[in-house]
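Below: the structure, in structure tokens.
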Amino acid sequence: MKKELQQEPKVILYYKFVPVSDPNITMRWQRELCERLNLKGRIIISPHGINGTLGGGIENLREYKREMNRSVLLKGIMYKWSDGNGEEFPKLSVKVRDELVAFKASDELVVTEMGVENGGVHLKPEQIHKLIQERGDEVIFFDGRNAYEAQVGKFKNAIIPAVETTPDFLKELEDPKYDAIKKRPIITYCTGGIRCEILSVLMKNRGFKEVYQIDGGIVKYGEKYGDDGFWEGNLYIFDGRMNHTFSAKAKDIGKCVHCSNKTSRFINCADVSCNKLSLVCEACDSKTYCEKHQPVLEKK
């Protein structure tokens, strides 16, 4: 196993939709490669492609990228880089799944060597600004994440769907409340872009006429504009860091469940039967339970 030699810790986020004929062979190759480079994190492989978030030393991650680019199947991936601390992931997990993202809609997804068919039009961050400049208030941002992620960060005036889990989108998109916006330009967004690849297909299949997605997701938009564009707040991320800011100008838009002070600090409820993610500010640090279980605890 390759040792870390005072390497700067980094985290990469990536995905690629491409037909994978034998996901199990790809899984074994990925596991061996990551173990050799001492990388930790999560990788999912399906017949539709690969989705990964990995942490490790910068040189080892660069070698990982070089190895991926030597693969005919997985070359040319866009990697999103961020600073790490070496403690983001407790272990390495490489698994085969039916779907890269659990929408439970694999029958609606068609993937070729060119990627996802019938998805939204990819827009670079600067193209998003151009579209808004041209179309103004007609443009709608549509959050492609679970609702709790939007508590700490979102695009200004975005629609936040009432979903607790990703499969909830299937029912949510069929709600008549969206009929009035189906002819308007919709910009879907999510952390790194992968959820919108699928969400945009589901939306088009349900009558949304003009659907876009941010190329590279919120991460790439934030790299380009920081907190000087249409994004506001913190970005929730699925590792030990919990959230990410793009600049010193980042604001806390979330509210503590105990005192309503502004915060972006998520904790897991200490009740093992709950384990719900709740926003708890530093001042309420001793309250380690969610808004439901903390009052019960205090009454005892």
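Compactness of the stretch 200-247 is given as radius of gyration and Dmax, 13.8, 38 Å, from Cα positions. A viscosity of 0.890 mPa s and a temperature of 25 °C, combined with the Kirkwood radius over Cα pairs in Stokes-Einstein, give a translational diffusion coefficient for the chain of 120 µm²/s. Other residues whose C-beta falls under 10 angstrom from the C-beta of G144 contribute a net charge of -1, scoring Lys and Arg +1 and Asp and Glu -1. Tell me, Kirkwood radius of the stretch 37-169 from alpha-carbon pair distances, in Å? Over the stretch 37-169, the inverse of the mean reciprocal pair distance is 17.8 Å.
Taking each of K40/K130; K65/K177; K65/K262; K224/K292; K124/K171 in turn, the alpha-carbon distance tops 32 angstrom for K40/K130; K65/K177; K65/K262; K224/K292. Normalising the Debye intensity of the stretch 129-217 to I(0), with uniform scatterers on Cα atoms only, and taking log10 at q = 0.24 Å⁻¹ returns -1.40. The residues D83, D143, sorted by heavy-atom accessible surface at 1.4 Å with ligands and nucleic acids left out, run D83, D143 from largest to smallest. Note on the stretch 114-164: Rg/Rh from C-alpha atoms, Kirkwood Rh, equals 1.02.
Relative to the Cα centre, the charge distribution of the stretch 1-140, modelled as +1 at Lys and Arg Cβ and -1 at Asp and Glu Cβ, gives a dipole magnitude of about 600 debye. Positive contributions from Lys and Arg (+1) and negative ones from Asp and Glu (-1), summed over other residues with Cβ under 9 Å from the Cβ of A162, come out at -4. Remark: relative contact order (the chain) = 14 percent; criterion is Cα-Cα distance under 8 angstrom and separation of 6 or more residues.
Scaling against 2.2 N^0.38 Å puts the C-alpha radius of gyration of the stretch 1-56 at 1.22.
The values are calculated or read from the model by the stated rules, or taken from the named source; none is laboratory data. Given the structure is predicted, the values throughout are model-derived calculations rather than measurements. When we count neighbours, we look across all protein chains shown, and the Cβ atoms used for this are built from the backbone with ideal geometry, even at glycine. These accessible areas exclude ligands, DNA and RNA; they are computed on the full protein's heavy atoms, side chains included. Shrake-Rupley method; radii C 1.70, N 1.55, O 1.52, S 1.80 Å.
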